[in-house]
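Heads up, the thing below is written out as structure tokens.
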Amino acid sequence: MFAMKFALLLILAYLIGSFPTGVLVGKLFYHKDIRDYGSHNIGTTNTFRVLGPKAGTLVFLVDFFKGTLATCLPRIFHLGGHHLYLIFGAAAIFGHAFSIFLKFKGGKAVATTAGFLLGYNVQFFGLCASFFIPLLLITSMVSLSSLISVVLIFFSSFFFHDTFLTVMSGVLVVLIWWSHRANIKRIIAGNENLVSFGLYYHIKQKQDKDKKE
């Protein structure tokens with residue numbers, strides 16, 4: 001009975017993660033396939049850039065909370081120990097990155113990973129947010145902030161004395177760095193896309209203005 005319940009809920013967690021929010025929001029409300037524009041990614045950053053802040057916020061919230069919901073399925077259905085949250089969170093993250101609805105392609109899973117962290121450990125989520133937000137405000141790059149943050153998250157997990165969390169954090173380092181391959185190339189080349197706020201964005205704006213003058 002436990003095995004059947006576990007298997008069905010794990011499939012549900014994967015399907016929740018697979019829900020292609022960015023694609024559906026673009027097609028239903030803007031008559032655009034987000035994959036044909038900008039960075040061609042289905043996630044929050046590209047949605048903000050292509051469809052605007054309302055669509056971007058909606059995509060972020062849905063992608064974030066689908067990670068939280070999937071992680072909490074064992075709690076909701078009284079399945080078992082706290083370590084199971086990691087397995088279900090991982091299923092949602094992999095669902096987002098390799099969506100069954102998009103021929104096993106997907107997004108970079110940053111928002112879904114953040115939602116998973118909230119569902120698993122609120123204190124750890126707060127620590128992770130304290131890494132990501134300042135980095136974003138300094139670099140103006142979601143990609144670079146995510147790449148640095150996930151490494152800091154991995155090392156920080158050792159202080160929580162949770163082997164399962166540390167293993168999962170290590171897996172996330174591999175997944176997020178792998179999914180950001182194109183971004184890493186652009187960062188090295190100095191032409192990565194910037195968000196329209198933050199220290200580096202304003203420095204670049206000033207430099208571009210000075211060049212025109």
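The values are calculated or read from the model by the stated rules, or taken from the named source; none is laboratory data. Bear in mind the structure is a predicted one, so any value in this text is a computation, not a measurement. Every residue, glycine among them, receives a Cβ derived from its backbone with ideal geometry; neighbour counts consider all protein chains shown.
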- Query: Which one of these does SER130 not meet: (1) among the hydroxyl-bearing types (Ser, Thr, Tyr); (2) buried (at least 21 other Cβ atoms within 10 Å of the Cβ); (3) under 16 Å from the mean Cα position of the chain (by Cα)?
  - Reply: (2)
- Query: Does region 105-150 hold any residues that are hydroxyl-bearing (Ser, Thr, Tyr), within 15 Å of ILE184 (Cα to Cα) and touching a Phe, Trp or Tyr at 6+ places or on another chain (Cβ under 9 Å), and which are they?
  - Reply: THR139, SER140, SER145, SER146, SER149
- Task: Among the residues of region 130-143, write down those that are in contact with a helix residue (DSSP H, G or I) (Cβ under 6 Å, 6 or more places away or on another chain), part of a helix (DSSP H, G or I) and closer than 19 Å to LYS204 by Cβ.
- Result: LEU135, LEU136, ILE138, THR139, VAL142, SER143
- Message: Is it the case, given these coordinates, that THR112 is within 17 Å of THR21 (Cβ to Cβ), in the same structural domain as ALA3 (by TED's automatic domain parsing) and surrounded by fewer than 23 Cβ atoms within 10 Å (Cβ to Cβ)?
- Response: no
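So that you can scan it fast, the table gives a plain yes or no per residue for (1) part of a helix (DSSP H, G or I); (2) among the acidic types (Asp, Glu); (3) free of Cβ contacts under 8 Å to residues at least 60 places away in the same chain:
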position	(1), (2), (3)
SER145	yes, no, yes
PHE155	yes, no, yes
PHE164	yes, no, no
GLY170	yes, no, yes
ILE184	yes, no, yes
ILE188	yes, no, yes
ASN191	no, no, yes
GLN205	yes, no, yes
